[in-house]
Amino acid sequence: MDDEILAQQLAKTGNLLDLLNDEAWMRETEAIEAECGGQVEAGLGLKPYVEQLATVPPAAFRQQRRQVHLLSILLPALKAWLQSWELGRSFEAVYIKAQRQLFEHLQQPTPEQATWLETLLAEDSQQIPPEQKPLRSQAIAMLAKMFTEDDWQALAQTAAEETAKGILQVRQREVVRATVV
């Protein structure tokens, strides 16, 4: 549903839910649902996106869902790990760089990593608290193994560049402050 329709409905009755009593709107919604063969609950604005999803092969869609599931487990561990490094102002840039590296490694894991990742997903599907999941507690150790020497160099370079930027920004503020006084 677009903003114009919502604005008109709000101006007309003061209640957006009254739109459900609008026969023309209901017919349009029913036609869209009939066209796609199901209920449309996301709204008309997402129709092109939903149509695009329908063209994604099931295997690719499953792979994307698997990646998202793995990232939902590994990214919080990665963030906590990097926070323990006390990177200061360079944390955000290093975290973004590390996320990219992790994503690349998840695209083509080694056989050992692939086995661990599959076991991690299986463990995560169990209905037990996260603190009772031993593989989850090994996430940081596995991330450390996953990152290559080049990855470590890139993270160090990112941290150095961001720290230098921060120092230069402080210097510029001090120069401005000194000229104002």
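Output the number of residues of segment 131-181 satisfying the condition of being basic (Lys, Arg) and under 30 Å from residue 116 (Cβ atoms). Show your work before the answer.
Of the residues in segment 131-181, the ones basic (Lys, Arg) are 133, 136, 145, 165, 171, 173, 177.
Restricting the remaining residues to those that are under 30 Å from residue 116 (Cβ atoms) gives 133, 136, 145.
Final tally of qualifying residues: 3.
If a residue has to be surrounded by 11 or more Cβ atoms within 10 Å (Cβ to Cβ) and modelled with pLDDT of 70 or more to count, how many in segment 8-20 make the cut?
Result for segment 8-20: 3.
Enumerate the helices (runs of 4 or more DSSP H) found wholly within segment 70-181, keeping only those where 1 or more residues are surrounded by 16 or more Cβ atoms within 10 Å (Cβ to Cβ) and touching a residue at least 60 places away in the same chain (Cβ under 8 Å).
The qualifying helices (runs of 4 or more DSSP H) are 91-107, 134-137, 139-146, 149-180.
The values are calculated or read from the model by the stated rules, or taken from the named source; none is laboratory data. Please read these numbers as outputs of a predicted model, since none were measured by experiment. Neighbour counts are summed over all protein chains in view; Cβ atoms, including those assigned to glycine, are modelled from backbone coordinates with ideal geometry.
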